[in-house]
Structures are given as C-alpha cells and as structure tokens.
Amino acid sequence: MKPEKLVFLVLDGAADSITQHEPTALESAEKPALDSLARRAVCGLQYPIAPGVAPESDAAVMSLLGYEPDRYYTGRGPLEALGAGLTLREGYEVAFRGNFATIDEETRRIIDRRVGRSLSTEEARRLAEALDGMELMGGDGYARVRATVGHRVAVIIGSRSGGVSDQVDNIDPAYVRKGLVSVAVPNPDMRLRRCRPLVDTPEARKTCRLVDEFVEKSIEVLSTHPVNIERAKKGMLKANVVLLRDAGGRLPRLPSISSLYGKSFGAVVEMPVEKGIAKAAQLRIYEVEPPQGNLERELPERLDAALKALEENDVVYVHLKGPDEPGHDGDFERKKRAIELIDRYFVSPLLDRVDTEKVAILVTSDHATPWPLKAHSGDPVPFMVSWEGFDGGPGRFTERACKTGVVIEHGWQLLRYVFEKIGWR
C-alpha cells in the first residue's frame with residue numbers, strides 16, 4: 001500500500017532557531033491539526049540550502065523543489081520579474097527585486113526598508129506606474145517597473161545598445177551578495193548605497209551608472225507623487241525610494257519538474273517569486289489573490305485552490321507566507337498566531353476533506369526566521385511527512401521534536417527522500 005497523492009506544504013519562515021533560549025513559535029502555538037499529523041509521521045530536520053547558509057526564499061524554494069541553486073539559480077530578480085509577468089532580454093536587460101522604502105531625502109539615511117509595511121498594493125501600483133518607462137543615460141537606458149504585493153516591486157534596468165551585466169552589488173544594505181545568492185546582514189548600516197560593480201568590466205560599470213541614475217530620478221519622482229503627499233498628510237511614511245537587490249541577467253533554465261520526478265505538479269503560490277519559480281519549473285499554477293494580511297479570509301481560498309489542484313495533479317505545492325513577516329518584525333505573538341491560523345483554517349479543514357490513506361502530507365519551512373534575530377538564519381528547519389501507513393512519530397511538529405529524526409543537509413534532497421519513504425521510488 002502507498003499513497004496516491006502528496007500535499008507539499010511550506011510554512012514560510014515558521015521555524016525559529018533550535019539553539020535559542022526563548023520558546024519557538026512552533027513550540028508555543030496551539031496547532032492540534034499539525035500535531036495530529038506528527039503522530040503518524042517520519043520527521044527530521046533539513047537545511048534548505050546547506051548547513052550554515054541563511055537563504056532567501058527564492059533559492060530555498062528552488063532547492064526544495066529539487067533544483068540545486070549552484071547549478072540553476074540566476075538571481076532573484078529574474079524570478080520576481082517572471083512572476084510579475086515581465087520578460088527579460090538577455091544581454092540588454094538586468095532584473096532586480098526591489099522594495100519601496102522610506103529615506104531621509106537630505107541625508108539618504110534609510111528610515112524603513114519596507115515603508116513600515118503600510119504601503120497598499122494599490123498605492124504601490126500607482127507609484128510603479130510613475131516610474132515605469134523612465135529614460136536613462138540620455139535615452140540609451142530605460143527602466144521597466146511592476147508593483148507586486150505591498151511594498152515589493154520588480155524592476156528591469158535595460159540598455160537599447162546592450163552591454164549590461166548582473167555582476168553588480170545590492171544597494172539594499174540588508175542583504176549582501178554571495179555569488180548570485182543574497183544573504184541577510186545582521187545590523188546593517190542603514191544608509192542608501194551607490195551601486196558597486198562586482199567585476200571590473202565596462203558592462204558592470206555601465207549597469208551601475210544606470211542603476212544609480214534610476215534611483216536618483218526615482219527619489220525625485222516619488223517625493224512629490226500624490227500618493228506620498230497624501231501619506232505625509234496622514235502622518236504616514238513616504239515610499240520615496242526603491243531599494244534594489246538580487247540582480248540577474250537571464251531566467252533559470254530548469255528541466256520541468258515532471259521530468260525530475262515522473263509526477264504531475266500543481267502549485268498554490270502567493271508571492272511573485274514563488275510564482276516565477278513555478279512558471280520556470282512548469283508547475284501548473286492555481287491562482288489566488290495576493291496576501292493582504294487577513295489570514296482568516298485568505299486561507300480558505302488557498303485551501304479551495306489546493307483541493308482543486310489535488311484533484312488534477314499527483315503533487316500539490318502550497319506556499320503560505322503568514323509566519324515570515326512577524327518573524328522579521330520580531331513579533332513573537334503575531335508569528336505564533338499566524339501558525340495557529342494556518343492550523344485552524346488550512347490544515348484542519350484539509351484533513352477533514354482528504355483521505356489520509358490516499359494522501360500523504362509533507363510539511364516544512366523554506367528557512368528559519370527566528371523572531372529574536374528578525375532575519376533569516378542558517379538553522380535547519382523541521383519537516384514531517386505524514387501518512388496513515390506510518391507507525392509512530394513524535395506527536396508534535398516542532399524544531400526540537402523533529403531533531404531526533406534524520407538530518408538532510410541539502411533541501412534539494414528532501415523530495416527524493418520523501419518519495420522513497422512513501423514508496424514512490
């Protein structure tokens with residue numbers, strides 16, 4: 001006997017550090033449905049990229065789907081652009097992930113990297129439209145800008161004559177590039193940076209000139225935009241700069257996920273970067289509204305989409321953003337609450353509506369976002385694969401409960417391990 005289907009549920013940033021003295025959100029949350037899964041489960045810890053690496057979600061998600069980032073990853077920017085519906089001309093354009101942020105326009109000190117998380121998607125859309133099509137370097141250069149969710153934005157910097165490079169550093173001080181992957185910087189210097197070439201080539205220097213000009217012109221446009229004038233009247237932070245990071249000059253060339261595993265895959269993904277990865281890997285995407293922070297309203301929609309996808313595919317990948325943002329904000333109670341809401345409004349009704357003899361459920365995180373750290377960490381994260389055919393399990397889904405199980409050192413090994421455990425390989 002073996003299951004017919006698999007739900008692959010990723011709780012974004014739900015894990016904390018297994019070495020921290022404070023309680024973790026998973027340990028403190030009331031989550032009866034998740035814990036019930038752990039009573040018949042194989043559990044363990046997995047490093048989404050590798051031990052000690054504090055990944056961003058993009059490389060981590062790619063890894064969890066079975067693609068080694070060192071082999072396939074081309075930067076977050078192209079994935080954000082793809083998820084936002086943009087194309088990318090290799091050799092002529094470089095894509096970036098961006099944040100609308102707040103700076104002191106005189107000192108260039110960054111006041112808030114995310115505009116206090118108060119910028120609505122509609123406000124961001126209007127601001128992005130004011131920047132889209134900006135001419136740079138006397139008309140040879142240009143910018144294409146698309147707002148995505150909240151303060152997030154995808155930006156493509158291009159040159160009509162070509163000769164650009166993705167070998168440029170982030171101007172967002174909170175992340176430093178290590179090759180094509182960005183890692184979080186503890187306690188960064190919160191001043192707006194100029195673009196720095198990572199290699200001494202004309203293409204990299206040209207790209208940095210384009211980036212610096214875009215940033216300066218954006219400050220001029222945004223500082224007097226009606227959206228920001230209205231926000232200032234209300235005493236709200238202005239979204240008066242775009243912080244760019246994670247440059248990439250081409251889309252990843254991924255083999256289809258069905259060719260990796262011989263199974264059909266559907267995806268319920270909320271954010272542009274996960275949507276871009278799903279497109280690149282040829283998962284069938286089941287659309288849901290972008291997250292607005294109301295989990296009680298949003299999670300039932302995600303559940304309905306996942307159940308539809310489960311009818312039509314062998315594996316359904318579901319990525320829920322909820323716990324990550326409060327982890328970044330250092331808000332323990334809100335992080336714990338997000339896990340509890342996922343348990344109540346997604347996991348519990350999922351268990352009511354599927355046959356757990358026919359459906360196995362894999363639960364993990366794409367990275368740890370320890371609330372005392374307020375950033376991603378290199379800690380391992382717990383995973384469990386639950387199925388009625390398994391005997392025993394720790395009975396709780398937490399970092400320490402899963403610590404007694406197997407340790408998987410690279411996230412791209414996880415699905416293959418799970419497939420073996422449920423008899424699919």
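With (1) of a type outside the set (Phe, Trp, Tyr); (2) in the same structural domain as residue 273 (by TED's automatic domain parsing); (3) exposed (fewer than 15 other Cβ atoms within 10 Å of the Cβ) as the list, and residue 135 as the residue in question, which single condition is left unmet? Evaluating residue 135 over (1) of a type outside the set (Phe, Trp, Tyr); (2) in the same structural domain as residue 273 (by TED's automatic domain parsing); (3) exposed (fewer than 15 other Cβ atoms within 10 Å of the Cβ) leaves (2) as the failure.
Kindly evaluate residue 51 against the criterion of being closer than 30 Å to residue 364 by Cα, more than 14 Å from the chain's Cα centre (by Cα) and not in a helix (DSSP H, G or I). Judged against the criteria, residue 51 is a match.
Scanning the stretch 79-108 for residues that are under 17 Å from the mean Cα position of the chain (by Cα) and either free of Cβ contacts under 8 Å to residues at least 24 places away in the same chain or under 19 Å from residue 130 (Cα atoms) (or both) returns 81, 84, 85, 95, 96, 97, 98, 99, 100. Summed over the stretch 254-282, the residues that are assigned to a loop (DSSP other than H, G, I, E, B) and either without any contact (Cβ under 8 Å) to a residue 40 or more places away in the chain or within 13 Å of residue 320 (Cα to Cα) (or both) give a count of 7.
Could you tell me whether residue 305 is crowded, with 22+ Cβ neighbours inside 10 Å, at negative phi, of a type outside the set (Ser, Thr, Tyr) and not assigned by TED's automatic domain parsing to the domain that holds residue 148? Lay out the reasoning, then the answer.
On the way: crowded, with 22+ Cβ neighbours inside 10 Å: no; at negative phi: yes; of a type outside the set (Ser, Thr, Tyr): yes; not assigned by TED's automatic domain parsing to the domain that holds residue 148: yes.
Spelling it out, it is not the case that residue 305 is crowded, with 22+ Cβ neighbours inside 10 Å, at negative phi, of a type outside the set (Ser, Thr, Tyr) and not assigned by TED's automatic domain parsing to the domain that holds residue 148.
Selection of the stretch 378-425 for residues being outside any loop (DSSP other than H, G, I, E, B), in contact (Cβ under 8 Å) with a residue 40 or more places away in the chain and either of a type in the set (Phe, Trp, Tyr) or within 22 Å of residue 358 (Cβ to Cβ) (or both) yields 383, 384, 385, 386, 412, 414, 415, 416, 418, 419, 421. Any residue in the stretch 129-152 that is among the polar types (S, T, N, Q), farther than 17 Å from residue 237 by Cα and part of a loop (DSSP other than H, G, I, E, B)? Yes, because at least one residue in the stretch 129-152 is among the polar types (S, T, N, Q), farther than 17 Å from residue 237 by Cα and part of a loop (DSSP other than H, G, I, E, B).
Picking from 334, 344, which residue would you name as being assigned to a helix (DSSP H, G or I), out of contact with any strand residue (DSSP E or B) (no Cβ under 8 Å at 6 or more places or on another chain) and without any contact (Cβ under 8 Å) to a residue 12 or more places away in the chain? None of the others qualify; the one that does is 334. Checked against (1) outside the structural domain of residue 311 (by TED's automatic domain parsing); (2) of a type in the set (Ser, Thr, Tyr); (3) crowded, with 16+ Cβ neighbours inside 10 Å, residue 87 passes all but condition (3). Confirm whether residue 325 is in a helix (DSSP H, G or I) and under 16 Å from the mean Cα position of the chain (by Cα). Here the answer is yes, as residue 325 does meet what is asked.
Take the residues in the stretch 169-206 that are in a loop (DSSP other than H, G, I, E, B) and among the small types (Gly, Ala, Ser), then tell me which one is surrounded by the most Cβ atoms within 10 Å (Cβ to Cβ).
174
Please go through the stretch 308-331 and pick out each residue that is buried (at least 18 other Cβ atoms within 10 Å of the Cβ) and either over 10 Å from residue 268 (Cα atoms) or free of Cβ contacts under 8 Å to residues at least 60 places away in the same chain (or both). Scanning the stretch 308-331 gives 309, 310, 313, 315, 321, 322, 323, 324, 325, 326, 327, 328. Residue 209 meets each of the listed conditions (1) touching a Ser or Thr at 6+ places or on another chain (Cβ under 9 Å); (2) assigned to a helix (DSSP H, G or I); (3) within 18 Å of residue 91 (Cα to Cα) apart from (1).
The values are calculated or read from the model by the stated rules, or taken from the named source; none is laboratory data. Since the model is a prediction, treat every value here as computed from it, not as a measurement. Positions of Cβ are generated from backbone atoms using ideal geometry, with glycine treated the same way; all protein chains shown enter the neighbour counts.
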